[in-house]
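Just below is one structure, and these are the notes that go with it.
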Amino acid sequence: MTYAATAGGVKLAAPAAPGVLALQRVLVWLVGASGAIVFIEPSPYEIATLLATVTFFATGLRLRLVLMPLVLMLVLLNVGYTISAIPLFEQPEVVSWIATSWYMAVTVVFFAMVTSEDTAARLDMLRRGLVAGAMVASLLAVAGYFRLVPGGDDLLTLYGRARGTFKDPNVLGAFLILPALFALQSVVSDKLGKAFRNVIAFGVISLAILLAFSRAAWGGLVLTSAFMLALMVLTSRTNAQRSRVVIMAIVAAVLGLALIAVLLSFDSTAEMFKQRASFDQSYDEGRFGRFGRHILGAEMALDLPFGIGPLQFHRYFPEDTHNSYLNAFMSGGWLSGVCYPALVFTTVIMGFRHIFVRVPWQRAYLAIFSAFVGTVGESFVIDTDHWRHFWMMLGAMWGMIAAAQAYKASGASSA
């Protein structure tokens, strides 16, 4: 609580009592940490988010005018889903899907409002919570994969892949990318003691991502890490900072390759790695494979203004869409199909425009933006539209952008 009351040196909101600030920041940490435990429903994340929402609204939270386009797009997106689902309301799973979508929209607005004030401190607490939760999920995933937990094989793994505290190994891998980026940032830029602790954290989280055997997560970790490090080099204030980022990035890459080499010395791991690394998976190929379904589904969407409703795609094709943009069209018709990519890519465009804005939370911004862009790309090959951490990042992006605009305005007015 002492750290929570004193964390961060920049506040853009009206000052609150120290006890209130500490409580708010602890709740932000709790929400971040609980995001790693979602194999039960309602999950600790839902409970922590509800508790945080009620507390923040009771102790003071503002909806800035700059966030109104976000609210409008979220409402239109979910109105489209709801209209398309009306003929299907007798199906409990459809009603649950609609309720979840509206809930996710509320969390986006909540995170945007939260991170638009007391931004540096709250982002730091969110970072700490995410890394702590990721370490728990990663350690359990690794322990489950190597059968170090008696009776934990069924709970912590799925089809020979680590899943830890998640239902799906793919979602575990996707969730761990942002905490991994936070740890990597510390490795390449912090003092020796803190950097060494984060070397361990980054190694454990990366190992869990590898053992989840998710091709998207593998590629996501490599590409988002490279993207974030490039942004850190471009935004560094001194040549010494740039040199350290480059050198430590090379060291981290070498150590990562060494870790992979050690793991591949185990026959079972090497076989699974070979199988998952292949690009000729049966469910990807053919007319009704993953990419064939994308084309056929897109042709269908053009003829269906109201879509086919949530969770109906598998009635027409062997599997789900595995494409969030196509799923928006199929689940919510043209209204949702237009609003979803508009929401996502508007955020990406605004995100690029704020990369070089000098704010106290710029480092956290670069990590969240990199992970968000990675998930946006991943959404072309997998359904990410109900991933809690995706909506958390989306809300945080809008909150940080709103805070950056207020920060620039306050600097201009004081000049």
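The values are calculated or read from the model by the stated rules, or taken from the named source; none is laboratory data. All of these numbers come straight from a predicted model, not from anything done at the bench. Neighbour counts are summed over all protein chains in view; Cβ atoms, including those assigned to glycine, are modelled from backbone coordinates with ideal geometry. Heads up: the accessible areas ignore ligands, DNA and RNA and are worked out on the full protein's heavy atoms, side chains in. Shrake-Rupley method; radii C 1.70, N 1.55, O 1.52, S 1.80 Å.
Just one of the listed residues (Arg358, Arg388) is open to solvent by 30 Å² or more (accessible area, probe 1.4 Å), among the basic types (Lys, Arg) and closer than 29 Å to Arg237 by Cα, namely Arg358. Across region 220-244, what is the number of residues that are modelled with pLDDT of 90 or more and either open to solvent by less than 30 Å² (accessible area, probe 1.4 Å) or of a type in the set (A, V, I, L, M) (or both)? Number satisfying all stated conditions: 16.
Give the residue that is nearest to the chain's Cα centre (by Cα), with candidates limited to residues of region 316-341 that are of a type in the set (Ser, Thr, Tyr) and in a helix (DSSP H, G or I). Walk me through how you get there before you give the answer.
Keep residues of region 316-341 that are of a type in the set (Ser, Thr, Tyr), which gives 316, 321, 324-325, 331, 336, 340.
This time we only want the ones that are in a helix (DSSP H, G or I), so: 324-325, 331, 336, 340.
On the way: Ser324: 14, Tyr325: 17, Ser331: 22, Ser336: 21, Tyr340: 16 Å.
Result: Ser324.
Residues in region 115-132 that are part of a loop (DSSP other than H, G, I, E, B) and more than 26 Å from Val75 (Cα to Cα): Asp118 only.
The conditions of being in a helix (DSSP H, G or I), out of contact with any Pro (no Cβ under 7 Å at 6 or more places or on another chain) and surrounded by 17 or more Cβ atoms within 10 Å (Cβ to Cβ) are met by Val344.
Exactly one residue out of Met272, Met248 is open to solvent by less than 60 Å² (accessible area, probe 1.4 Å), more than 25 Å from the chain's Cα centre (by Cα) and more than 19 Å from Leu130 (Cβ to Cβ), and it is Met272.
Being assigned to a helix (DSSP H, G or I) and surrounded by 15 or more Cβ atoms within 10 Å (Cβ to Cβ) is not true of Ala99.
Hey, any hits in region 156-164 for a residue that's modelled with pLDDT of 95 or more, closer than 28 Å to Val381 by Cβ and assigned to a helix (DSSP H, G or I)?
Step one: filter region 156-164 for residues modelled with pLDDT of 95 or more, giving none.
Checked region 156-164: no residue is modelled with pLDDT of 95 or more, closer than 28 Å to Val381 by Cβ and assigned to a helix (DSSP H, G or I).
Entry remark, region 19-78: residues being open to solvent by less than 70 Å² (accessible area, probe 1.4 Å) and farther than 18 Å from Ala137 by Cα number 29 in total. Filtered by the rule that a residue be over 22 Å from Pro92 (Cβ atoms) and without any contact (Cβ under 8 Å) to a residue 12 or more places away in the chain, region 308-342 gives a lone residue, Val338.
In this structure, Ala112 does not satisfy being in a helix (DSSP H, G or I), in contact with a strand residue (DSSP E or B) (Cβ under 6 Å, 6 or more places away or on another chain) and open to solvent by less than 30 Å² (accessible area, probe 1.4 Å).
Within region 34-61, residues that are over 24 Å from Met135 (Cβ atoms) reach partners that are surrounded by 13 or more Cβ atoms within 10 Å (Cβ to Cβ) and of a type in the set (Phe, Trp, Tyr) with beta carbons closer than 7 Å, at six or more positions or on different chains, in the pairs Thr53/Phe110. Selection of region 133-155 for residues being surrounded by fewer than 24 Cβ atoms within 10 Å (Cβ to Cβ) and under 13 Å from Leu211 (Cβ atoms) yields Leu139, Val142, Ala143, Phe146, Arg147, Leu148.
How many residues does region 361-374 hold that are under 11 Å from the mean Cα position of the chain (by Cα) and either at pLDDT below 95 or open to solvent by less than 10 Å² (accessible area, probe 1.4 Å) (or both)? Total satisfying the criteria: 6.
Just one of the listed residues (Pro310, Pro305) is surrounded by 15 or more Cβ atoms within 10 Å (Cβ to Cβ) and at pLDDT 80 or above, namely Pro310. Any chance region 133-147 includes a residue that's assigned to a helix (DSSP H, G or I) and charged (D, E, K, R)? For region 133-147, residues assigned to a helix (DSSP H, G or I) and charged (D, E, K, R): absent.
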